[in-house]
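Okay, structure first, notes after.
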Amino acid sequence: MMYIEIDFSSDEAIYQQLCNQIIQGIAMSQLTDGMTLPSVRQMADEIGINMHTVNKAYSILKQEGFVKVDRRKGAVISVKSDKEEALNSVRKDMRSVLAEARCRNLTAEDLHRMVDEIYDAFDAYDKAVESAGSE
């Protein structure tokens, strides 16, 4: 299981921080299809948050197609791969981010460079994990 770190002083809601870190864990292959997340109670105890907060995060991840809930196993990583649906979801989120960037006078080139850096970091992490596993 990956390490989850919650910033209790952040303006970002705790459930959103948890969702974002799980999604990043999937993007970096720390969490893969079929892996079971800790139970709501275990996750809450491990990171020191309310069970209802974890439940909300898991519910959102289910709605967004990152996990499925199995009665016996609990929350299981299961990423839907409908590309059109994924594009629409990301486009919706990007509109707000890009509007904020434009208000702050960031250029398209600034944003393209940032996206490339972040995406490349995910790829670099995957390659590091693969090479460590083959040794």
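What follows draws every value from the coordinates through simple rules; no lab data is involved. On a predicted model such as this, the values are computed, not experimentally measured, just so you know. Cβ sites come from the backbone with ideal geometry, for glycine too, and all protein chains shown count toward neighbours.
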Quote the Stokes-Einstein diffusion coefficient, in whole µm² s⁻¹, for the stretch 4-82, based on the Kirkwood radius over alpha carbon pairs, a temperature of 20 °C and a viscosity of 1.002 mPa s.
170
Considering the options 50, 103, 27, tell which one lies farthest towards the positive end of the dipole of the chain, charges being +1 on Lys and Arg and -1 on Asp and Glu at the Cβ, about the Cα centre.
50
DSSP loop trypsin sites (Lys or Arg not before Pro) with at most 16 other Cβ within 10 Å: longest gap in the chain:
1-70
For the chain, what is the relative contact order in percent, using Cα pairs closer than 8 Å and at least 6 residues apart in sequence?
21
State the extension gain, in nm to one decimal, for the chain segment bounded by residue 63 and residue 114, taking 0.36 nm per residue of separation less the distance between their alpha-carbons.
15.6 nm
Three principal axis extents, largest first, for the C-alpha atoms of the stretch 83-133, in Å?
43, 27, 12
Potential lengthening between residue 84 and residue 125 on full extension [0.36 nm per residue; Cα-Cα distance subtracted]
12.1 nm
Footprinting exposure proxy for 66, 122 (fewest neighbouring C-beta atoms within 10 Å first)
122, 66
Folded to 0 to 90 degrees: helix 51-63 orientation relative to the chain principal axis, Cα
60
Round to the nearest 10 and give me the degree value, 0 to 90, for the angle of helix 83-103's Cα axis relative to the longest principal axis of the chain.
50
Any idea what the relative contact order of the stretch 14-77 is, in percent, if you count C-alpha pairs under 8 Å spaced at least 6 apart?
40
If one compares the long axis through the Cα atoms of helix 108-133 with the longest principal axis of the Cα atoms of the chain, the angle in degrees, nearest 10, works out at 40
Equivalent ellipsoid, the chain (semi-axes from 5 times Cα gyration tensor eigenvalues, Å):
26, 20, 16
